[in-house]
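Some notes on the structure that comes next.
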Amino acid sequence: KAGDRACIEAVTGRRYEDVERDLRKLAQLDDSPVLRIGDIWKAKAPLELLYLFAPALTREEIRRFFFTALAVLVKPDPALELEPDKRWMAAVYGHVREESGIVIESIVDSLIKLRLYAEDTERHDLMADVDQLVKGLLENANGDRWLSLCGVLRQLAEASPDLFLSQL
């Protein structure tokens, strides 16, 4: 989806085609850290890769990730524009998110992994970033926001349990 590519470009600061070219090169290596299934690229051991590469991440790269994550997660679910009895057919009516469920799940899964890494390595800046994102999503959230996030609430709770519980 175009929204997925836009997310990759926003996080990396590079064109999607350049990122994909680099992933294809990585995939050719013996014991490659990435694999491609159809059109989907996956890290074979994402937490291991995070521990390996996180110390080299710049503050700007981290900022871009959190900015993109917030921009994606704060968007209302277009299905909410439909009458409640028609929402289950949102895709048929063309009321779908710009980003795929895979990208949205990857974003919230990354928040959990960043939290685990931050706690283990005492990276208080990353813990604060995760907490700030969850707070930004849930503080004073209206019904539409909660409904839009219903598919990722468990992951948000796991990424920032104390902050999540304080917003209930």
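The values are calculated or read from the model by the stated rules, or taken from the named source; none is laboratory data. Just so we're clear, the structure is a prediction, and the values are computed from it rather than from any experiment. Note that each Cβ is placed from the backbone with ideal geometry, even for glycine, and that neighbours are counted across all protein chains shown. Each accessible area value is taken on the protein alone, full model and side chains, heavy atoms only, with ligands, DNA and RNA left out. Shrake-Rupley method; radii C 1.70, N 1.55, O 1.52, S 1.80 Å.
The figures follow:
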read-out	value
Scope the range 41-53; condition open to solvent by less than 80 Å² (accessible area, probe 1.4 Å) and in a helix (DSSP H, G or I); matching residues	P46, L47, L49, L50
Helices (runs of 4 or more DSSP H) within the range 54-168 that include 3 or more residues farther than 21 Å from A6 by Cβ	101-121, 124-138, 143-148, 153-159, 161-166
Residues of the range 1-40 classified as of a type in the set (A, V, I, L, M), surrounded by fewer than 15 Cβ atoms within 10 Å (Cβ to Cβ) and not in a helix (DSSP H, G or I), total	4
Boolean, L163 is modelled with pLDDT under 95, under 28 Å from L57 (Cα atoms) and of a type outside the set (F, W, Y)	yes
First in the range 82-102 and in contact (Cβ under 8 Å) with a residue 40 or more places away in the chain and under 16 Å from D144 (Cα atoms), second anywhere and in a loop (DSSP other than H, G, I, E, B) and open to solvent by less than 50 Å² (accessible area, probe 1.4 Å), Cβ under 7 Å, 6 or more apart	R97/D77
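A quick yes/no check of all residues on (1) farther than 19 Å from A79 by Cβ; (2) buried (at least 18 other Cβ atoms within 10 Å of the Cβ); (3) among the aliphatic types (A, V, I, L, M):
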{"site": "E98", "(1), (2), (3)": "no, no, no"}
{"site": "V108", "(1), (2), (3)": "no, yes, yes"}
{"site": "I112", "(1), (2), (3)": "yes, yes, yes"}
{"site": "W146", "(1), (2), (3)": "no, no, no"}
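Yes/no per residue for (1) touching an Asp or Glu at 6+ places or on another chain (Cβ under 9 Å); (2) under 24 Å from H124 (Cα atoms):
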| site | (1), (2) |
| --- | --- |
| E17 | no, no |
| D30 | no, no |
| P33 | yes, no |
| A54 | no, yes |
| R63 | yes, yes |
| F67 | no, yes |
| K75 | yes, no |
| L82 | no, no |
| A91 | no, no |
